[in-house]
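The values are calculated or read from the model by the stated rules, or taken from the named source; none is laboratory data. These figures come from a predicted structure and were not determined experimentally. Counting neighbours? That spans all protein chains shown, and the Cβs are built from the backbone with ideal geometry, glycine included.
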Amino acid sequence: MRVGVLTGGGDCPGLNAVIRAVVRKGVSRYGFDFVGFRDGWRGPLEGDTRPLDVQAVRGILPRGGTILGSSRTNPLKVDGGVERIKQNLADLGVDALVAIGGEDTLGVATRLHEQGVHVVGVPKTIDNDLGATDYTFGFDTAVNIAMEAIDRLHTTAESHHRALIVEVMGRHAGWIALHAGMAGGANVILIPELPFDIDEVCAYIESRFRTNYSPIVVVAEGATPKEGTLELQTGDKDSFGHVRLGGIGTVLESEISARTGKEARATVLGHIQRGGTPTAFDRWLATRFGLHAVDAVADADWGQMTALRGTQIVRAPLSEATKELKTVDSSLYEEAEVFFG
Ligand code: F6P
């Protein structure tokens, strides 16, 4: 069997660990032959490939990013895109695809599966917002990077008696903000699931200053104020219709300064959260996802993706992963609220 592998969407630490596991087990256990598609769905759409054998995956376990490249190309938005992919797979003699990606990449994989393409998915995203799996790889690394940044900002906040705001990624889910904020001892955490009240945020900040301890506000890039309380600008959309987020930290910086009279400064962590080497947890999860994904290929169990349930790796229908976003439950947020102010 000839198997194509691709990585789509925003990169994240652990992608290479999956590729390595898929290829190593696929070759040694099943005798498969592999081909790498470059830059997500652009690869199969344009027939752009690179060699992918055991030698090509040596040494990549700890490396961030993806040796295959990635993109946000949406073949469903290209005229005849699905037909072109099918034709290219046939021309290249590719029998099956392992698609490693988040909501968008796996959404395309779901549509292709419905149209008869042999595809197995592996869920990745720092946002941890995919249904059907307890965790996606990339998330733990992003949380640890954000936590370390918060730890470092605490010392500066205290030295300068400033309110420091840390804007983290996560799109429309507050997982990174919640986990990193809790781990880093944030004064308040703002997440997209619960619109915030700027007066309440300022009250938390003032109360923290009264204890002679400087506040750190952790805000998810998708967090929004309660309706009618603050003006926010909206960004451009990508080919999947997602608005580019970011900028809420800067809005908070000026609002908090103006309302409290204290100096407030924002740090936007941005792509730093997606870069560099994966944590041990992400390497472990990504590797196991890869091992189980290639088993699904061997079983011809198309339209499935690997998922973590407790400590077990199971298979779940791709459609389940992308049906609805997994967001932060209010009871989890209430746990963190104990430490606000
Ligand atoms: O989905 C991962 C993610 O990093 C989100 O947290 C963020 O909103 C988005 O990707 C950023 O995308 P890009 O790197 O294309 O700007």
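Condition test on ILE205, is it over 13 Å from THR260 (Cα atoms), touching a residue at least 24 places away in the same chain (Cβ under 8 Å) and either away from the ligand (no atom under 16 Å from the Cβ) or among the β-branched types (Val, Ile, Thr) (or both)? When the stated conditions are applied, ILE205 does not pass them. Screening ASP79, ASP39 for residues that are part of a loop (DSSP other than H, G, I, E, B) and either away from the ligand (no atom under 16 Å from the Cβ) or touching a Phe, Trp or Tyr at 6+ places or on another chain (Cβ under 9 Å) (or both) leaves exactly one candidate, ASP79. Go through the residues of region 109-118 one by one and say whether even a single one is of a type in the set (Ser, Thr, Tyr) and either over 23 Å from THR277 (Cβ atoms) or modelled with pLDDT under 95 (or both). Scanning region 109-118 turns up at least one residue that is of a type in the set (Ser, Thr, Tyr) and either over 23 Å from THR277 (Cβ atoms) or modelled with pLDDT under 95 (or both). Only one of the listed residues (ASN187, ASN212) is in contact with a His (Cβ under 9 Å, 6 or more places away or on another chain), more than 20 Å from PRO278 (Cα to Cα) and away from the ligand (no atom under 13 Å from the Cβ). That residue is ASN212.
Taking only region 5-29 into account, find how many residues are over 22 Å from the mean Cα position of the chain (by Cα) and either surrounded by fewer than 24 Cβ atoms within 10 Å (Cβ to Cβ) or within 16 Å of the ligand (Cβ to nearest atom) (or both). Of the residues in region 5-29, 5 are over 22 Å from the mean Cα position of the chain (by Cα) and either surrounded by fewer than 24 Cβ atoms within 10 Å (Cβ to Cβ) or within 16 Å of the ligand (Cβ to nearest atom) (or both). Whether a residue is assigned to a strand (DSSP E or B) and either among the polar types (S, T, N, Q) or over 13 Å from VAL18 (Cα atoms) (or both) was assessed, and THR267 passes this test.
Residue pairs whose Cβ atoms lie under 6 Å apart, separated by 6 or more positions or on different chains, with the first residue in region 281-308 and touching a residue at least 12 places away in the same chain (Cβ under 8 Å) and buried (at least 24 other Cβ atoms within 10 Å of the Cβ) and the second assigned to a helix (DSSP H, G or I) and among the polar types (S, T, N, Q), are ASP282/THR141. Of the candidates GLY80, GLY121, the single residue that is at pLDDT 95 or above, small (Gly, Ala, Ser) and surrounded by 17 or more Cβ atoms within 10 Å (Cβ to Cβ) is GLY121. Out of curiosity, is ALA96 aliphatic (A, V, I, L, M) and closer than 21 Å to ASP295 by Cα? It is true that ALA96 is aliphatic (A, V, I, L, M) and closer than 21 Å to ASP295 by Cα. Applying the selection to region 175-209, what residues are under 20 Å from ARG265 (Cβ atoms) and not aliphatic (A, V, I, L, M)? Correct list: GLY181, GLY184, GLY185, ASN187, PHE196, CYS202, TYR204, GLU206, SER207, ARG208, PHE209. Among the residues of region 210-224, those that are surrounded by fewer than 17 Cβ atoms within 10 Å (Cβ to Cβ) and either of a type in the set (Lys, Arg) or touching a residue at least 24 places away in the same chain (Cβ under 8 Å) (or both) comprise ARG210, TYR213. When each of GLY241, GLY235, GLY222, GLY276 is tested for being at pLDDT 95 or above, small (Gly, Ala, Ser), over 29 Å from GLY341 (Cα atoms) and not in a helix (DSSP H, G or I), the lone residue that passes is GLY276. Within this structure, GLY303 fails the test of being under 22 Å from the mean Cα position of the chain (by Cα) and under 25 Å from LEU61 (Cβ atoms). Given the criteria crowded, with 24+ Cβ neighbours inside 10 Å, farther than 22 Å from VAL268 by Cα and among the aliphatic types (A, V, I, L, M), does VAL143 qualify? Criteria not met by VAL143. Screening region 225-251 for residues that are buried (at least 18 other Cβ atoms within 10 Å of the Cβ) and within 16 Å of the ligand (Cβ to nearest atom) and picking the one that is nearest to THR73 (Cα to Cα) gives LEU245.
Return the residues of region 131-153 that are modelled with pLDDT under 95 and either within 16 Å of the ligand (Cβ to nearest atom) or more than 27 Å from ARG283 (Cβ to Cβ) (or both); say none if nothing qualifies. Passing the criteria: only GLY131.
Under the condition of being part of a loop (DSSP other than H, G, I, E, B) and β-branched (Val, Ile, Thr), the residues counted in region 89-146 number 6. Looking at LEU285, is it over 22 Å from GLU193 (Cα atoms) and more than 16 Å from the ligand (Cβ to nearest atom)? Taking the combined requirement at face value, the residue satisfies it.
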